[in-house]
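*Asks:* Submitted below is the structure of interest, expressed as structure tokens.
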Amino acid sequence: MDSSGSTSSTNIHLGFNDVRQWLADEAAGASVTNLFQQLEPNNNPAEIRIQYDRVAGIEALMDLNSSFYIRQYDDLHEILRMLALEGSTLYPEDLKLIHNVLEQSRVLKSIFISNPSDETVIWTQDFEKIIPLLDIEKDILRVVGPDGEVLDKASSALSSLRRKLRKSGGAVRTRMADLVKKYGDSGYLNESQAGIKAGRLVLPVISSYKHQVQGVIQDMSNTGTTTYIEPFEIIELNNQIKTIEIEEQQEVQRILRELTGRLHIHHHTIQQNYKMLEHLDYHTALAKFGKTFACSIPTLSEDGTFLLKMARNPRLALQRKVVPLELSMAGHINTLIITGPNAGGKTVALKTIGLLTLMANAGVPVPAAESSVIPFVDRIFTDIGDQQSLVDDLSTFSAHISTIISILDQTTTRSLVLLDELGTGTDPAEGAALARSILESLGSAGVKTVATTHLGDLKVFAHEAENVMNGAMEFDQKGLKPTYKFLAGVPGSSYGFEISKRLGLSDDILNRARGYIGWARDSMEKLLRTLEAERATLSGLKSDNTDLQRDLKMKQKRMDTALESVQKAERKADREAARQAGQIITDARQTVEQVIKQIKESQAGKENIKEVRGTLDQVEAELEKVIEETEEPLKLEKLSSKDVTKGLEVTVFSLDQIGVVLEKPTRGKTMVEVDGKRMRVPIEWLGKAPQNNESESQSTVVVNVSDRESSTYSLDLRGFRADAAIEELGRFIDQAVLNNLSLMQIIHGKGTGVIKKVVHEVLDKHPAVRNKRLGGLDEGGAGITFVELK
């Protein structure tokens, strides 16, 4: 994938080189590290999808078993080449490297077999290729020690030779100590201990007495005052040691040659296991990168569709909190023109689109929310930044045009083109005309193009032309600062005057500038600003409407549940009382339906919403009175892990509320959304949600009414056993979070301190807890803990 013919410049401009290095750092093996450092997008979309499925499988394995990870291992390609040669001998260090690979591949296969799941099935055939060689592993450990030495126990002969060496060495040292004492007492030595010269034990004899010591002169000091003599009797003992050492080396070579021969028989299996470890390492590094940057696996489209949800540029995410990019661009839209103020995030948005496209086409998880869609592209071309060249005598404008000419010559219908500040560097009118013509040329060729600009004519072009879309970076008109939010479908104002005023430019200059800009241009900019302000207001009203609609649906569901309770009471209790309660419920439902109809038929301003909420509160008060009078004891039917699926409505027993399951269960827990709050709960806390269409014999009635009185900020655990206290505390914290409490107190008493200890352990690990403290002398002291929630 190129930028004006240069892959490297695209990688640099978009930050793909950083992604390469991050992936290389996650790899455990040198060979896989090198692969990531040279990573390029794949030109086969089917292979990219398979790679993504494999990464998802590894992520699942890592979640199922925390022991699934790969330790560092060395490149075995050269060692395996030697092992393929019959009669070759490997060094002990080489054998240790092979053992590491055999052990890791065997353990990883064992973890895979012990943790079956639907997500990991794609790896079945790959793990079948790993053939454990436990006997070979044991042979290597029997021969080679942890520091790469050949062990005494490698053979009985080697053990015997090393015992002889130790014995002979001891004899030499003992005899040498005797000679040092003998000649030292006679005054023949310059020093009180023996030395070593040329690997031989010698006596430091005063040169004038050298004829008094029988032996071979090995060396002499620089001054000539000391002669280093190896005594004859020590020579004989050293020769014996040398002979044993030679025999030892021969035995070591025999052992290594024999062990290498056994490995040679399994050369193909060892090579296959090594290839599989590299294969696993590659995908594990991708999975670890995905977890580090909170990535997801996107859908790869082949019709040019873009759907980026909560997309973040990983380079910026490492440095600071970033505003996510939300972008929806249908397949038939060929061109997106992004406008907005300087430093408003246009170029960042452009680079984020390009970088995530590069990552997706290389099979790398992208930092965006699930269900994001990124198109498959054959090449990416960029014209980003000032490419002025003094060497080639190119101005900024000339450099941009040269790059664009190269791009126009190379693009296909599967290419993605990213153009930053298109049309700048020359007369604005000419620049806008050229820019429009360039975009029309790319669009008519079916090339996906994203361009940023300040030119007003291009905003009009995007509004009028087919298959061209406007986009803007939002600007806070009150605070006069960018929000970095991307707005699809609307053009943006440059806010040059507003920003200049905020920076301190005088009103006199600004007023003259407004006079120069022309009435039409000024009117268009004012119109854009007005439209943006109205869009912000409508967005707020839409949000209020959405909240109200959600509240209405929840209240209607509660009414349906209550009606079921009333119907059951009617069969079993006072029929006349039940009929009266049923009439109240029916009236309440009619009221809600009328309110919903009014909401849908009107724009529902704030006053309307306030009035509707008052009506609903009255209905709810009558409803809860009916529920209290007709409610029977709950029959709680628990769910098993296999019953819990994504999107299932469930009852959370600990909260007595209905929630929706957000993901498949993992290790006995799952993520549930209750009343807009997300929490991870054990499966045993979940039961079936009430169903209105079940028969009487199958019905499980659960009246879902929030118990606000139980949301008090104090919990008394005195008299509880430890396990019961933990369970009660978990429920209490969940209720506190749902009711938006910021402070609560736990009364555990002093006593033996057991309950206080388990309470503090739970609080230290709970994600909703900001901090905790024991009570003061006037607050209950060590018998009470105050908790601040996030």
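The values are calculated or read from the model by the stated rules, or taken from the named source; none is laboratory data. Because the structure is predicted, anything quoted here is derived from the model rather than measured. With ideal geometry, Cβ positions are generated from the backbone for all residues, glycine too; neighbour counts draw on all protein chains shown. Heavy atoms of the whole protein, side chains included, go into the accessibility calculation; ligands, DNA and RNA do not. Shrake-Rupley method; radii C 1.70, N 1.55, O 1.52, S 1.80 Å.
*Asks:* Given the criteria within 25 Å of H13 (Cα to Cα) and open to solvent by less than 10 Å² (accessible area, probe 1.4 Å), does L308 qualify?
*Replies:* yes
*Asks:* Within the range 462-478, how many residues are touching a residue at least 60 places away in the same chain (Cβ under 8 Å) and polar (S, T, N, Q)?
*Replies:* Going through the range 462-478 one residue at a time, the tally reaches 2.
*Asks:* If you don't mind, another one. Would you call S402 over 21 Å from L14 (Cα atoms), touching a Leu at 6+ places or on another chain (Cβ under 9 Å) and open to solvent by 40 Å² or more (accessible area, probe 1.4 Å)?
*Replies:* Criteria not met by S402.
*Asks:* Across the range 82-100, what is the total count of residues that are more than 19 Å from H279 (Cα to Cα) and either in a helix (DSSP H, G or I) or open to solvent by 40 Å² or more (accessible area, probe 1.4 Å) (or both)?
*Replies:* 13
*Asks:* Then there's this: Under the condition of being modelled with pLDDT of 85 or more and either more than 30 Å from the chain's Cα centre (by Cα) or closer than 13 Å to L715 by Cα (or both), which residue from the range 761-790 is surrounded by the fewest Cβ atoms within 10 Å (Cβ to Cβ)?
*Replies:* The selected residue is R773.
Quick grid of which residues meet (1) farther than 23 Å from K351 by Cβ; (2) open to solvent by 10 Å² or more (accessible area, probe 1.4 Å); (3) in contact with a strand residue (DSSP E or B) (Cβ under 8 Å, 6 or more places away or on another chain):
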site	(1), (2), (3)
T424	no, yes, no
S437	yes, yes, no
G443	no, yes, yes
D457	yes, yes, no
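*Asks:* Of all residues in the range 10-30 being polar (S, T, N, Q) and open to solvent by less than 20 Å² (accessible area, probe 1.4 Å), which is nearest to D281 (Cα to Cα)?
*Replies:* Checking each candidate, the answer is N11.
*Asks:* Does at least one position in the range 367-387 carry a residue that is of a type outside the set (A, V, I, L, M, F, W, C), touching a helix residue (DSSP H, G or I) at 6+ places or on another chain (Cβ under 6 Å) and part of a helix (DSSP H, G or I)?
*Replies:* Checked the range 367-387: no residue is of a type outside the set (A, V, I, L, M, F, W, C), touching a helix residue (DSSP H, G or I) at 6+ places or on another chain (Cβ under 6 Å) and part of a helix (DSSP H, G or I).
*Asks:* Now for a different question. Give the residues of the range 318-346 that are among the aliphatic types (A, V, I, L, M) and at pLDDT below 80, sorted by residue number.
*Replies:* Once the filter is applied, which keeps residues that are among the aliphatic types (A, V, I, L, M) and at pLDDT below 80, the range 318-346 yields L318, A343.
*Asks:* If you take the residues in the range 644-656 that are surrounded by 15 or more Cβ atoms within 10 Å (Cβ to Cβ) and either touching a His at 6+ places or on another chain (Cβ under 6 Å) or at pLDDT 75 or above (or both), which one is nearest to E370 (Cα to Cα)?
*Replies:* Per the criteria, the residue is L648.
*Asks:* Looking only at the range 331-345, count how many residues are open to solvent by 10 Å² or more (accessible area, probe 1.4 Å), over 12 Å from L487 (Cβ atoms) and either among the aromatic types (F, W, Y) or in contact with a strand residue (DSSP E or B) (Cβ under 8 Å, 6 or more places away or on another chain) (or both).
*Replies:* Selection size over the range 331-345: 4.
*Asks:* Anything in the range 183-199 that is surrounded by 13 or more Cβ atoms within 10 Å (Cβ to Cβ) and in contact with a Phe, Trp or Tyr (Cβ under 9 Å, 6 or more places away or on another chain)? List them, or say none.
*Replies:* Listed by number, the residues that qualify are Y183, Y188, L189, G195, K197.
Conditions (1) among the β-branched types (V, I, T); (2) farther than 18 Å from G345 by Cβ; (3) in a loop (DSSP other than H, G, I, E, B), marked per residue:
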site	(1), (2), (3)
E440	no, yes, no
T449	yes, yes, no
F475	no, no, no
F497	no, yes, no
R512	no, yes, no
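*Asks:* Of the conditions (1) in contact with a strand residue (DSSP E or B) (Cβ under 6 Å, 6 or more places away or on another chain); (2) without any contact (Cβ under 8 Å) to a residue 12 or more places away in the chain; (3) not acidic (D, E), S66 clears all except one; give me its number.
*Replies:* Unmet for S66, out of (1) in contact with a strand residue (DSSP E or B) (Cβ under 6 Å, 6 or more places away or on another chain); (2) without any contact (Cβ under 8 Å) to a residue 12 or more places away in the chain; (3) not acidic (D, E): (1).
*Asks:* Have a look at S160, S192, S168 and point out the one that is polar (S, T, N, Q), over 28 Å from H268 (Cβ atoms), free of Cβ contacts under 8 Å to residues at least 40 places away in the same chain and part of a helix (DSSP H, G or I).
*Replies:* S160
*Asks:* I need a count of the residues in the range 108-146 that are among the hydrophobic types (A, V, I, L, M, F, W, C), closer than 25 Å to P92 by Cβ and either exposed (fewer than 14 other Cβ atoms within 10 Å of the Cβ) or without any contact (Cβ under 8 Å) to a residue 12 or more places away in the chain (or both).
*Replies:* Residues flagged as among the hydrophobic types (A, V, I, L, M, F, W, C), closer than 25 Å to P92 by Cβ and either exposed (fewer than 14 other Cβ atoms within 10 Å of the Cβ) or without any contact (Cβ under 8 Å) to a residue 12 or more places away in the chain (or both) within the range 108-146 amount to 1.
*Asks:* In the range 732-756, what residues are surrounded by fewer than 19 Cβ atoms within 10 Å (Cβ to Cβ), within 18 Å of E788 (Cα to Cα) and modelled with pLDDT of 80 or more?
*Replies:* L743, Q745, I747
*Asks:* Filter the range 351-365 down to the residues that are buried (at least 24 other Cβ atoms within 10 Å of the Cβ), touching a residue at least 60 places away in the same chain (Cβ under 8 Å) and among the hydrophobic types (A, V, I, L, M, F, W, C), then identify the one that is farthest from E59 (Cα to Cα).
*Replies:* By that ranking, first place goes to I353.
*Asks:* Quick check on my filter: what residues within the range 434-463 are closer than 29 Å to D378 by Cα and more than 38 Å from the chain's Cα centre (by Cα)?
*Replies:* If the condition is that a residue be closer than 29 Å to D378 by Cα and more than 38 Å from the chain's Cα centre (by Cα), then L434, A435, R436, S437, I438, E440, S441, S444, L458, F461, H463 are the ones that fit.
*Asks:* Please verify whether R175 is surrounded by 12 or more Cβ atoms within 10 Å (Cβ to Cβ) and closer than 27 Å to L90 by Cα, treating the condition exactly as stated.
*Replies:* no
*Asks:* In the range 373-412, which residues are among the acidic types (D, E) and modelled with pLDDT under 70?
*Replies:* Matches in the range 373-412: D386, D392, D393.
Condition check ((1) closer than 20 Å to R162 by Cα; (2) open to solvent by less than 70 Å² (accessible area, probe 1.4 Å); (3) assigned to a loop (DSSP other than H, G, I, E, B)) across all residues:
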site	(1), (2), (3)
H211	no, no, no
G224	no, yes, yes
E233	no, no, no
E245	yes, no, no
R257	yes, no, no
T260	no, yes, no
L263	no, yes, no
T269	no, yes, no
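*Asks:* Cβ-Cβ below 8 Å, separation at least six or inter-chain, first residue in the range 35-60 and outside any helix (DSSP H, G or I), second among the acidic types (D, E): which pairs?
*Replies:* As it stands, the answer is N43/D378, since those pairs meet every condition given.
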